[in-house]
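Asks: Before anything else, here's the structure in question.
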């Protein structure tokens with residue numbers, strides 16, 4: 001038992017959160033040289049992955065539907081923490097940072113994660129098969145959330161800027177919570193079977209074929225490490241925020257590209273997990289991870305940012321510019337055509353990845 005406990009303590013998911021906390025204590029309110037900032041940036045990324053790992057472990061122990069909520073809340077804390085710290089510590093106009101990060105998360109999931117998952121599944125198994133009913137409801141909910149929170153503010157007339165007035169922002173926040181909550185209920189309780197991999201010629205896929213649930217002691221350790229990870233990520237985000245913005249400026253990139261960087265950091269663990277699931281012929285799980293991440297990013301981040309905007313400096317600008325609305329509309333049409341048949345070829349994955357490449361290119365050269 002002692003050797004097993006020692007082995008668990010010496011894992012990277014235990015070591016890096018502790019190192020991140022120590023680095024935070026060392027660097028708080030200090031001027032640091034670039035090599036140290038670069039090392040802490042790498043530590044920040046790894047700690048995000050460790051934090052998501054511990055959240056997933058706790059979620060597996062708790063079970064559904066609370067497991068999904070715990071994981072979503074943990075990811076939201078990381079995302080909101082990064083956004084808020086950059087808004088508080090950053091320079092210049094940061095009013096669009098929340099919008100840029102959430103939109104980047106949508107593009108990364110709808111085209112990046114989905115595209116690479118479909119491509120990997122189709123290349124390895126000729127066709128990537130999934131349940132169109134469950135995936136379609138996830139896609140429809142995600143597009144509704146994106147439209148309500150990021151497209152409509154561009155066309156409202158109560159405020160000349162692409163922002164919601166207070167009453168509109170309250171409605172968008174409440175609607176986001178309702179849509180996300182109803183989706184979680186549908187996915188985990190009411191119609192859980194719609195989000196399981198479809199049966200193949202070898203019989204139905206066993207959804208319960210997972211590792212055994214972690215012990216109580218391991219869960220408690222993961223809970224402590226999750227708290228350490230979240231605190232370290234938020235703190236290091238404040239330390240790194242000037243360097244991130246300075247790096248984007250030095251590279252000649254628009255400040256909106258900071259949102260792309262944050263989205264990549266937050267969704268990196270889910271991206272890796274989705275590709276692994278697709279490679280194991282579990283495309284449905286990969287799509288659940290992709291669309292579920294986007295739903296949590298909009299459905300939870302926007303309401304939290306709506307509340308935080310009451311004391312954060314500047315305004316909360318949510319309306320997308322026309323170029324990004326065009327990308328969202330094109331991606332939505334392609335996503336619907338991909339999801340409806342319930343199976344995808346390599347061409348589907350390539351189309352989504354080209355759209356993701358277009359998003360990255362136009363984020364660099366708008």
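The values are calculated or read from the model by the stated rules, or taken from the named source; none is laboratory data. Predicted, not measured: the structure shown is a model, and the values here were computed from it. Note that we place each Cβ from the backbone using ideal geometry, even for glycine, and neighbour counts take in every protein chain shown.
Asks: Would it be correct to say that residue 258 is touching a residue at least 12 places away in the same chain (Cβ under 8 Å), within 17 Å of residue 101 (Cα to Cα), out of contact with any strand residue (DSSP E or B) (no Cβ under 6 Å at 6 or more places or on another chain) and buried (at least 18 other Cβ atoms within 10 Å of the Cβ)?
Replies: yes
Asks: For the stretch 281-300, does any single residue satisfy the condition of being surrounded by fewer than 20 Cβ atoms within 10 Å (Cβ to Cβ) and either out of contact with any strand residue (DSSP E or B) (no Cβ under 7 Å at 6 or more places or on another chain) or assigned to a loop (DSSP other than H, G, I, E, B) (or both)?
Replies: The answer is yes; a qualifying residue exists.
Asks: Count, please, the residues in the stretch 295-314 that happen to be within 17 Å of residue 86 (Cβ to Cβ) and in contact with a helix residue (DSSP H, G or I) (Cβ under 8 Å, 6 or more places away or on another chain).
Replies: Of all residues in the stretch 295-314, those within 17 Å of residue 86 (Cβ to Cβ) come to 297, 301-302, 304-305, 308-309, 311-314.
Retained after the next criterion (residues that are in contact with a helix residue (DSSP H, G or I) (Cβ under 8 Å, 6 or more places away or on another chain)): 297, 301-302, 304-305, 308-309, 312-314.
Count: 10.
Asks: Taking residue 135 as the residue in question, decide whether it is in a helix (DSSP H, G or I), under 21 Å from residue 289 (Cβ atoms) and at pLDDT 95 or above.
Replies: Spelling it out, it is not the case that residue 135 is in a helix (DSSP H, G or I), under 21 Å from residue 289 (Cβ atoms) and at pLDDT 95 or above.
Asks: Within the stretch 144-191, how many residues are closer than 13 Å to residue 316 by Cβ, in a helix (DSSP H, G or I) and free of Cβ contacts under 8 Å to residues at least 12 places away in the same chain?
Replies: Looking only at that region, the number is 1.
Asks: Follow-up question, since we're still on this one. Would you mind stating whether residue 347 is part of a helix (DSSP H, G or I) and surrounded by 18 or more Cβ atoms within 10 Å (Cβ to Cβ)?
Replies: no
Asks: Can you find even one residue in the stretch 95-117 that is assigned to a helix (DSSP H, G or I), in contact with a strand residue (DSSP E or B) (Cβ under 7 Å, 6 or more places away or on another chain), touching a residue at least 40 places away in the same chain (Cβ under 8 Å) and within 19 Å of residue 356 (Cβ to Cβ)?
Replies: No, the stretch 95-117 contains no residue that is assigned to a helix (DSSP H, G or I), in contact with a strand residue (DSSP E or B) (Cβ under 7 Å, 6 or more places away or on another chain), touching a residue at least 40 places away in the same chain (Cβ under 8 Å) and within 19 Å of residue 356 (Cβ to Cβ).
Asks: Now a separate question. Could you check the stretch 349-366 and list, in sequence order, the residues that are over 21 Å from the mean Cα position of the chain (by Cα) and at pLDDT 95 or above? First the steps, then the outcome.
Replies: First, pick out the residues of the stretch 349-366 that are over 21 Å from the mean Cα position of the chain (by Cα): 350-351, 365-366.
Matches in the stretch 349-366: 350, 351.
Asks: Let me ask another. I need a count of the residues in the stretch 318-328 that are surrounded by fewer than 22 Cβ atoms within 10 Å (Cβ to Cβ) and outside any helix (DSSP H, G or I).
Replies: The total comes to 2.
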